[in-house]
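Every number in this text was worked out from the coordinates using simple rules, so none of it is lab data. Just so we're clear, the structure is a prediction, and the values are computed from it rather than from any experiment. Here the Cβ positions follow ideal geometry from the backbone for every residue, glycine too, while neighbour counts run over all protein chains shown.
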Amino acid sequence: MFTIMLAEHTFCIENRYDYVKKLCEEYIIPDCNAQKIFITDSQLDYEKKLTIGFPNAYLESLAVYRRICELLVDENIILFHGSAVVVDGLAYIFTAASGTGKSTHTSLWRAYLGERATMLNDDKPLLKITSSGVTAYGTPWNGKHRLGSNISAPLKAVCILERSEKNHIKKINKKAAYPMLLQQVYRPKSPVKMAATLNMIDQLAKHSSLYRLCCNMEIDAAELAYNYMKGEAK
Amino acid sequence: MKLKDGFITHESDGEHILVSAGDTQFNGLVRSNKTAAFIVEQLKSGTTAESIVTALLSKYDVSKEVAHKDVERILDTLRSIGAIDE
């Protein structure tokens with residue numbers, strides 16, 4: 001059993017396997033009276049159906065995050081699938097279907113910007129949505145390369161990635177971004193929480209700048225994307 | 001027939017959309033025009049294709065034939081994503 005703090009909320013995880021504890025290492029805090037998370041056999045079976053061929057220890061970690069995300073919806077926090085990097089104190093999230101090159105692109109940002117760029121989370125950051133803006137939080141679930149940090153930053157932009165031989169970027173409106181935003185957000189099982197999630201997606205679109213970047217895997221792509229997005233007023 | 005549990009509608013900047021919560025197969029969204037939105041709203045309580053056509057005719061100035069076609073077409077789309085409990 002151990003306690004973690006994620007996006008300023010605490011959870012006491014009653015784990016069966018060591019894997020999830022190891023995964024959460026950087027987020028562990030002294031035990032306190034926190035919301036308990038215990039994964040049942042049926043929750044483990046549910047993960048087994050979605051993610052075939054992985055050991056129970058790994059599936060437990062997925063089930064834990066799913067449970068946490070269901071709870072966090074009530075705190076105006078959503079999981080958003082993407083690679084998030086922080087530059088000069090502001091977070092930029094790149095999102096796309098799996099295999100498009102989100103992680104590759106943020107690795108180009110690190111190559112281009114050096115120490116100014118810090119990975120927040122390479123796969124599944126949390127976003128806290130308030131009426132005054134959006135804050136991105138690192139989490140232990142940070143992708144297969146395990147890139148991320150236990151930090152938070154105001155979200156500046158969400159950028160949808162597409163592959164292309166030539167690099168170009170443009171600002172897009174909410175309507176154009178909407179299908180991708182909905183695809184990349186965690187969809188809670190309960191319709192009530194899903195409705196809350198949709199309201200948060202609307203706020204996310206309102207409070208952050210939205211872009212579509214068509215790019216290759218050269219460092220020029222990072223140079224273009226960063227210089228275009230940093231200049232835009234929020 | 002009725003809209004399946006787990007499918008919810010949302011109004012966003014005047015646009016009517018239909019999405020599903022996490023426990024369903026469908027993970028896209030349906031963007032509805034006025035007619036489609038009206039039909040989806042009718043499906044929130046148990047109804048029949050005939051009742052939807054009647055409701056459509058009382059609300060919009062269209063011929064019975066067009067209303068029929070619209071309803072069947074939209075129901076087919078909704079069926080294809082598993083959004084209808086027959």
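Shape class of the protein assembly as shown from the alpha-carbon gyration tensor: oblate, with a/c at 1.5 or above and b/c at least as large as a/b. Computing FRET efficiency as 1/(1 + (r/R0)^6) for residue A:32 and residue A:130, where r is the C-beta to C-beta distance and R0 is 25 Å, gives about 0.55. Once the Cβ-Cβ distance of residue B:69 and residue B:25 is raised to the sixth power relative to R0 = 35 Å, the FRET efficiency obtained is 0.80. Relative intensity of region A:67-206 on a log10 scale, I(q)/I(0) at q = 0.16, 0.17, 0.18 Å⁻¹, equals -0.80, -0.91, -1.02, per a Debye sum over C-alpha point scatterers of equal strength in the absence of solvent.
Evaluated at q = 0.18, 0.28, 0.31 Å⁻¹, a Debye calculation over the C-alpha positions of region A:139-182 (equal weights, vacuum) places log10 I(q)/I(0) at -0.86, -1.03, -1.08.
Placing dummy labels 7 Å off each Cα toward the beta-carbon, the span from residue A:88 to residue B:60 is 5.0 nm. Past 32 Å, Cα to Cα: identify those pairs from A:175/B:59; A:171/B:44; A:22/A:48; A:193/B:69, in the order given. Pairs exceeding the cut-off: A:171/B:44; A:193/B:69. Computed extension gain for residue A:164 through residue A:218, at 0.36 nm per residue and net of the alpha carbon distance, reaches 18.3 nm.
Angle of helix B:49-59 to the longest C-alpha principal axis of chain B, folded into 0 to 90 degrees and rounded to 10: 70°.
A DSSP coil position with no more than 13 other Cβ atoms inside 10 Å describes the following GluC sites (Glu not before Pro) in region A:152-234: A:165, A:218, A:232. Pair-distance distribution of region B:30-86: all C-alpha pairs, bin width 10 Å, starting at 0; shares per bin in whole percent are 23, 63, 14.
When Lys and Arg each count +1 and Asp and Glu each count -1, what net charge do the other residues less than 14 Å away from residue A:56, Cβ to Cβ, add up to? Summing Lys/Arg as +1 and Asp/Glu as -1 gives -2.
Annotation for region B:20-86 versus region A:1-20: alpha-carbon center distance of 44 Å.
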